[in-house]
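As structure tokens, the structure follows; a few thoughts come after it.
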Amino acid sequence: MASRVFELIEKEKERQARTIELIASENFVSENVMKAMGSCLTNKYSEGYPAHRTSGNKGRYYGGCYVVDELEEYCCDKWREVFHTDYHVNVQPHSGSSANLGAYMSVLQPGDTILAMNLNNGGHLTHGSSVNFSGKLFNMVFYDVNAQGYIDYDDIAAKLREFKPALVLAGASAYSRIIEFDRFRALIDEAAEEFHAAGDPDYHPYFMVDMAHIAGLIAAGVHPTPFGYADIITTTTHKTLRGPRGGMIFCRPELAKKVDSAIFPGTQGGPLQHIIAAKAVAAEEACTPEYHDYIRRLVENCKAMCDEFIRLGYEVVTGGTDNHLFLVDLSNTHPTLTGKHVQELLDAHDITLNKNCVPGEKRSPMQASGVRIGTAAETTRGRTKEDFIEIARRIDAIIREDLAASAEG
Ligand SMILES: Cc1ncc(COP(=O)(O)O)c(C=O)c1O
């Protein structure tokens with residue numbers, strides 16, 4: 001039977017095949033990840049957790065869960081293998097945002113203070129935006145980046161003392177440099193000791209890491225790991241991890257019960273077992289040497305493309321990248337161009353990326369003065385350093401042509 005839906009799926013398939021995909025949070029999943037997502041597992045209700053998983057949990061609320069019990073256990077085991085960790089893992093969050101909501105609700109009360117990265121400097125909406133649950137439920141305070149665009153660890157140390165947060169969050173959506181998790185931990189412990197010495201022995205702030213963007217790099221060992229430093233770690237599964245859309249929460253074993261109950265029954269209902277199956281496939285893939293090689297290549301590609309933009313006269317926040325993305329700051333070099341305009345201009349040339357705020361942003365987030373560029377998706381398609389250099393040149397030519405046309409017009 002002809003269906004409008006399948007016509008539209010074909011249309012989107014064609015769009016994806018035609019365009020160059022530079023959105024830093026996107027990727028192309030394998031056939032097996034697709035197959036698992038489209039499987040009969042979508043038919044199964046399985047509220048709860050496999051019975052023996054967390055001491056004290058009550059198992060599932062429905063019958064017929066013995067197969068999905070095995071599947072969910074396997075998925076958890078595989079992800080622990082990916083990150084070489086004995087942390088507890090919950091694979092049920094429907095998205096990165098749900099994972100962050102569950103993580104906050106597991107250890108905080110509404111009104112508690114969270115110290116997170118300033119959203120203009122690369123933090124995510126769920127890290128305290130006033131239009132998001134995080135900004136509505138919690139008292140959000142922010143640390144900044146320094147004049148060079150790097151995380152300002154001195155600012156974190158000062159804000160820890162000023163605000164005495166219940167939780168400190170590291171992680172971002174648009175930050176191109178290494179995040180020093182060991183340094184965060186040391187700063188948190190140091191501030192806590194000072195409060196203990198000053199007569200508050202019960203002050204124990206949590207350290208949470210949202211590794212959504214860089215999880216694949218951590219899995220492949222090309223970015224320092226937060227395991228061993230953070231109390232709670234959240235991630236999406238669809239960015240550099242190249243799995244289905246979804247989220248996960250890792251935590252120290254002593255927080256397992258709190259995290260599990262914050263997800264179900266705290267903030268979600270029935271888990272998506274077809275997505276959990278696809279997460280397990282992605283975990284199997286992330287354990288392979290081919291995946292580790294892919295991650296190494298995508299970082300090399302990112303550096304090569306970023307260097308080419310700099311060579312062409314563009315300003316890049318921090319002057320480079322250590323990961324899968326970088327931010328082009330147009331405010332000094334192209335003051336008449338907004339990020340929104342460049343995004344739309346490139347869309348018309350089948351190059352897809354997104355506008356992004358830059359440190360010290362003067363425009364609204366809907367206009368923005370920068371664009372974010374990532375190499376995860378096109379590296380999956382096999383593109384090389386030379387290809388990315390060529391794409392940078394193409395983008396530059398399109399921008400030049402546009403500027404020339406508007407000067408004439
Ligand atoms: C750092 C970070 N955390 C969380 C999320 C939210 O993920 P989702 O879109 O799956 O809710 C994102 C999404 O881009 C992100 O960049």
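A single member of THR240, THR234 is open to solvent by less than 10 Å² (accessible area, probe 1.4 Å), touching an Asp or Glu at 6+ places or on another chain (Cβ under 9 Å) and within 16 Å of the ligand (Cβ to nearest atom), and it is THR234. Quick one: is TYR104 at pLDDT 95 or above, in contact with a strand residue (DSSP E or B) (Cβ under 9 Å, 6 or more places away or on another chain), under 25 Å from LEU217 (Cβ atoms) and surrounded by fewer than 23 Cβ atoms within 10 Å (Cβ to Cβ)? The answer is no for TYR104.
Might you check whether a residue that is away from the ligand (no atom under 13 Å from the Cβ), under 26 Å from THR375 (Cα atoms) and not in a helix (DSSP H, G or I) occurs anywhere in the range 263-285? No, the range 263-285 contains no residue that is away from the ligand (no atom under 13 Å from the Cβ), under 26 Å from THR375 (Cα atoms) and not in a helix (DSSP H, G or I). Please indicate, with yes or no, whether at least one residue in the range 300-312 is touching a helix residue (DSSP H, G or I) at 6+ places or on another chain (Cβ under 8 Å), of a type in the set (Asp, Glu) and open to solvent by less than 20 Å² (accessible area, probe 1.4 Å). Within the range 300-312, one or more residues are touching a helix residue (DSSP H, G or I) at 6+ places or on another chain (Cβ under 8 Å), of a type in the set (Asp, Glu) and open to solvent by less than 20 Å² (accessible area, probe 1.4 Å).
What is the residue count in the range 224-253 for residues that are out of contact with any Phe, Trp or Tyr (no Cβ under 9 Å at 6 or more places or on another chain) and within 29 Å of GLU162 (Cβ to Cβ)? Number of matching residues: 1. Kindly check whether there is at least one residue in the range 156-167 that is closer than 24 Å to VAL358 by Cβ, open to solvent by less than 30 Å² (accessible area, probe 1.4 Å), touching a strand residue (DSSP E or B) at 6+ places or on another chain (Cβ under 8 Å) and away from the ligand (no atom under 16 Å from the Cβ). Yes, the conditions are met somewhere in the range 156-167. Given the conditions (1) touching a strand residue (DSSP E or B) at 6+ places or on another chain (Cβ under 7 Å); (2) modelled with pLDDT of 95 or more, and given that ASN121 satisfies all but one, which numbered condition is not satisfied? Answer for ASN121: the failing condition is (2).
All of (1) at negative phi; (2) open to solvent by less than 30 Å² (accessible area, probe 1.4 Å) hold for GLY171 with one exception: (1). Restricting the first member to the range 335-351 and to residues that are open to solvent by 10 Å² or more (accessible area, probe 1.4 Å), and the second to residues that are hydroxyl-bearing (Ser, Thr, Tyr), the beta-carbon pairs closer than 8 Å and six or more apart or on different chains are THR336/SER406; THR338/SER369; ASP350/THR19. Considering the range 170-203, and only residues there that are away from the ligand (no atom under 16 Å from the Cβ) and of a type in the set (Gly, Ala, Ser), the residue that is nearest to LYS303 (Cα to Cα) turns out to be ALA186.
A quick yes/no check of all residues on (1) touching a strand residue (DSSP E or B) at 6+ places or on another chain (Cβ under 7 Å); (2) open to solvent by 40 Å² or more (accessible area, probe 1.4 Å); (3) more than 21 Å from ALA278 (Cα to Cα):
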| residue | (1), (2), (3) |
| --- | --- |
| PHE6 | no, yes, yes |
| LYS11 | no, yes, yes |
| ALA17 | no, yes, yes |
| ILE20 | yes, no, yes |
| LYS35 | no, yes, no |
| ASN43 | no, yes, no |
| TYR49 | no, no, no |
| TYR74 | no, yes, no |
| PRO93 | yes, no, no |
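Set side by side, the residues VAL82, VAL91, VAL107 differ, and just one is within 16 Å of the ligand (Cβ to nearest atom) and within 22 Å of GLY228 (Cβ to Cβ), which is VAL91.
When every residue of the range 310-317 is checked against the conditions, at least one turns out to be more than 20 Å from the chain's Cα centre (by Cα) and basic (Lys, Arg).
The values are calculated or read from the model by the stated rules, or taken from the named source; none is laboratory data. Keep in mind it's a predicted model, so treat the numbers as computed, not measured. In this analysis, Cβ positions are derived from the backbone assuming ideal geometry, glycine residues included, and neighbour counts consider all displayed protein chains. Areas reflect the complete protein model, heavy atoms only, side chains present, ligands, DNA and RNA absent. Shrake-Rupley method; radii C 1.70, N 1.55, O 1.52, S 1.80 Å.
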